[in-house]
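What follows is calculated from the coordinates using simple rules that are stated; it is not laboratory data. Worth saying up front: this structure is predicted, and the values here are computed from it rather than measured. In this analysis, Cβ positions are derived from the backbone assuming ideal geometry, glycine residues included, and neighbour counts consider all displayed protein chains.
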Amino acid sequence: MVQTIFGVWDYVIMTATMVASVAIGLYFRFSGGKQKTNDEYLLADRNMSIFPVAVSLMASFMSAITLLGVSAENYYYGMQFVVINFSYGLATPIASKLYLPVFFGLQKTSTYEYLELRFGPQIRMLASLTYTLQMILYNGIVLYAPAIVLESVTGLDRLVSILVVGLACTFYSTLGGMKAVLFTDLLQSFLMFGAVFSVVIFASIQLGGFEQIFITSYEGGRLDFSNFSVDPTERHTWFSLIIGGCITYLSLYAVNHTQVQRLLTVSSLQRSQQCLWWSWPVLSVLSIITCISGLSIYAVYKDCDPLASKNIASIDQLMPYYVVDAMRSVPGLAGLFVAGIFSASLSTISAACNALAAVTLTDYVSRWFKVNPSYIPWLTKLAACAFGLVFLALAFVAEHLGGVLQAALTIFGAVGGPLLGIFTLGMFTTYANERGVSVALLSGMALTLWISFGGPRPSPVKLPVSVEGCPFNVTLPEPASTTDYFYLYRISYMWTSPIGFVWVLVVGSIVSLVWKQQQPWQRAGRDHPDPALFTPPLARRLRARNEKSSAQCELLKQDLQL
């Protein structure tokens with residue numbers, strides 16, 4: 001066990017973070033409408049301002065795993081990963097102009113209600129269950145992973161970390177509803193920025209200037225952005241990062257219920273679109289500064305790599321190790337860093353508690369049971385609390401799950417592309433039917449999970465590191481061959497979502513065209529689909545066609561009367 005490096009100021013900052021988060025929950029529990037209606041509890045009465053929603057959109061999926069992982073990514077594989085930020089800029093207008101207007105126009109509590117309106121009840125239930133399982137697994141890991149990393153480096157007991165973060169999060173998200181989640185996300189985002197900026201600033205002082213980070217990183221081959229290869233087995237290229245990044249972004253920000261629910265907490269479509277646009281620079285700034293933090297740590301340890309010298313056991317421990325090794329001399333900095341890491345976990349978990357409560361009440365309870373309307377707000381709060389406790393339980397057993405940890409994270413990425421595919425088929429085509437999208441979703445997830453879980457698979461090839469400056473002899477391991485593996489298992493993880501997305505589009509289209517089925521509007525006795533279920537360009541064409549058809553019918557009636 002590593003001896004804890006926390007001092008009084010570190011504990012003060014950590015305690016203040018948790019107390020402030022709980023206080024926000026209590027405030028919204030006893031102010032305003034006091035969370036007495038589901039509309040206030042799940043959608044903040046649809047009158048939130050733009051800034052907190054925009055920041056919350058970023059915080060919901062920028063977890064502690066992301067902060068720790070992205071910094072290590074840039075240290076060991078170079079800064080090519082920063083190219084993914086271009087994809088966010090390309091995908092934001094697509095999400096805001098083509099997908100968001102459909103969800104905002106329908107004003108449904110659960111995103112998956114759309115699938116029943118467009119296709120039928122089976123695909124709604126299939127997609128909803130997939131989302132629920134995905135979020136439960138992912139958030140258990142979000143709670144567990146930072147605790148184990150911090151314990152191994154700082155000595156901060158993992159059980160204490162899991163309990164404090166899990167219980168605080170469950171408490172304030174259950175009491176304060178969506179308003180508490182959004183405003184605590186705002187506070188926690190500032191702490192996330194503070195944690196990452198503190199690493200960059202401290203390293204700059206150590207190295208004698210901010211520019212030294214980039215000079216040293218360039219000399220170490222970390223600033224090579226020249227990989228334009230179209231080979232899908234290359235881990236990060238311009239093509240994989242931009243195309244894969246676009247699909248991943250859309251799977252999260254265009255159709256994922258956690259994000260769509262936030263985008264419905266404002267009063268108009270225009271304001272909702274502005275939330276999405278403002279979340280892009282916030283997300284990119286945090287992403288870029290986290291990338292730079294990895295380079296700054298590399299510049300400090302360029303002559304004695306912590307992993308090769310066995311000072312850390314995995315690359316995820318890199319940033320906490322730097323905080324302990326270099327920043328402990330300044331009172332409070334370690335506490336600020338840990339508060340930032342915990343805040344990243346809090347923002348992700350609280351978002352999931354609220355989102356899963358909405359899905360549970362809308363897609364399961366209200367569908368299968370006849371519930372007295374006065375009980376629904378209490379049942380929703382009970383569901384949010386229950387999911388928080390489920391995350392806690394999963395975090396406690398996670399240490400016994402071994403490889404399932406990586407599996408949970410892989411599932412999260414592997415199902416995003418196929419789910420985006422079925423929403424896209426629904427909004428962009430009129431021919432896709434429930435049979436087609438059901439077959440496409442199941443086969444698409446089987447394909448992406450096979451690609452993600454199949455093995456044996458090669459380990460990523462790291463950039464060279466040095467141990468010449470270590471105070472003791474260290475032998476660097478020999479690089480392993482990456483060609484003696486089955487081709488699918490060598491494909492970059494960045495291509496998994498695009499493969500699932502394209503598969504669903506192609507298979508869903510073919511099966512729908514070959515295996516005909518009545519559409520919901522036909523079963524309801526209508527000749528034309530509801531334009532509100534389709535992306536705006538297609539909706540305009542459908543409305544024009546409906547108007548033309550109505551006009552022709554009217555002329556025919558007049559002719560018959562004559």
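Determine, for each peptide in 91-99, 27-35, the mean count of other beta carbons within 10 angstrom over its residues, then list the peptides with the highest first.
Per-residue mean Cβ counts within 10 Å order the peptides as 91-99, 27-35.
Using 1/(1 + (r/R0)^6) with R0 = 41 angstrom and r between the beta carbons of residue 540 and residue 47, what's the FRET efficiency to the nearest 0.05? Write down the numbers at each step before the final one.
Working: r = 29 Å, r/R0 = 0.71.
FRET efficiency, residue 540 to residue 47: 0.90.
Kindly give the semi-axes, whole Å and largest first, of the ellipsoid equivalent to the range 191-327, taking each as the square root of 5 times a Cα gyration tensor eigenvalue.
Semi-axes, largest first: 33, 20, 15 Å.
Subtract the Cα-Cα distance of residue 530 and residue 231 from 0.36 nm times their separation in residues, and report this length gain in nm to one decimal.
103.4 nm
Just the isolated ones, please: cysteines in the chain lacking another cysteine beta carbon under 4.7 angstrom.
169, 246, 275, 291, 353, 385, 553
Tell me the label-point distance for the pair residue 386, residue 485, using the 7 Å Cα-to-Cβ offset, in nm and rounded to one decimal.
Taking the two extended label points, one gets 4.0 nm.
Determine the dipole magnitude for the chain: charges of +1 sit on the beta-carbon of Lys and Arg, -1 on that of Asp and Glu, nothing else is charged, the reference point is the Cα centre, and the result goes in debye to the nearest 20.
With only Lys, Arg, Asp and Glu charged at Cβ, the dipole is about 1960 debye.
Which ordering of 280, 378 is given by a fewest-first count of other beta-carbon atoms within 10 Å?
With the fewest neighbours first, 280, 378 line up as 378, 280.
Determine the sum of side-chain charges near residue 96: Lys and Arg each +1, Asp and Glu each -1, restricted to other residues whose C-beta is under 14 angstrom from that of residue 96.
+3
Using the Kirkwood radius over C-alpha pairs as Rh, can you work out the diffusion coefficient of the range 8-403 via Stokes-Einstein at 37 °C, viscosity 0.692 mPa s, in µm² per second?
Value of D from the Cα-based Kirkwood radius: 152 µm²/s.
List the pairs from 370/516; 97/381; 34/370; 97/370; 36/97 whose alpha-carbon separation is above 29 Å, in the order I gave them.
Exceeds cut-off: 370/516; 97/381; 97/370; 36/97.
Report the gain in length on full extension from residue 9 to residue 37: 0.36 nm times residue separation, minus Cα-Cα distance, nm rounded to one decimal.
Working: separation 28, 0.36 × 28 = 10.08 nm, distance 4.05 nm.
Going from the current span to full extension adds 6.0 nm.
Could you please tell me the mean projected area of the C-alpha convex hull for the range 448-562, averaged over all directions and given in square nanometres to one decimal?
14.4 nm²
Which parts of the range 196-239 would a label at residue 476 reach, counting a residue when its backbone N lies under 15 Å from a point 7 Å out along Cα-to-Cβ?
Once the point is set 7 Å along Cα→Cβ of residue 476, 219-222 turn out to lie under 15 Å by backbone N, inside the range 196-239.
Helix 496-514 against the longest principal axis of the chain: what's the angle in degrees, Cα atoms only, rounded to the nearest 10?
Between the helix axis and the principal axis of the chain, the angle is about 20 degrees.
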